[in-house]
Amino acid sequence: MKRAFFVLGVVAVVVCTPVFAAIKPCEELKGEIEAKLQAKGVSGCALEILPADQVKEQKVVGSCEGSTKKITYSRN
């Protein structure tokens, strides 16, 4: 019985892993974030796509392209 649960668990992990590891394009994610901000009535802000190693003290609001790039938020 324990073996059946173990096998079922392994199969579930293998099947679900590609969904969680999907690489989202930065422009697509940036558009989604902009839409959410507009829906909340936020104005006077800018989103910028930066390589992950160039992010210093900016506020990160998203990660894309396999975490190689970050989307940062700043108020104008």
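Out of all the residues in region 29-50, which are of a type in the set (D, E, K, R) and under 13 Å from residue 69 (Cα atoms)?
Residues satisfying the conditions are 30, 48.
Report yes if some residue within region 14-25 is modelled with pLDDT of 90 or more and outside any helix (DSSP H, G or I); otherwise report no.
yes
So is residue 2 modelled with pLDDT under 90 and of a type in the set (Lys, Arg) or not?
Yes; evaluated as a whole, the condition is true for this residue.
Quick one: would you say residue 67 is in contact with a helix residue (DSSP H, G or I) (Cβ under 9 Å, 6 or more places away or on another chain), loosely packed, with under 14 Cβ neighbours inside 10 Å and over 16 Å from residue 23 (Cα atoms)?
No; evaluated as a whole, the condition is false for this residue.
Report, by residue number, each residue of region 37-76 that is assigned to a helix (DSSP H, G or I) and within 14 Å of the chain's Cα centre (by Cα).
52
The values are calculated or read from the model by the stated rules, or taken from the named source; none is laboratory data. What you see is a predicted model; the values in this text were computed from it and never measured. Quick reminder, even Gly has a Cβ in these numbers, built from the backbone with ideal geometry, and neighbours come from all protein chains shown.
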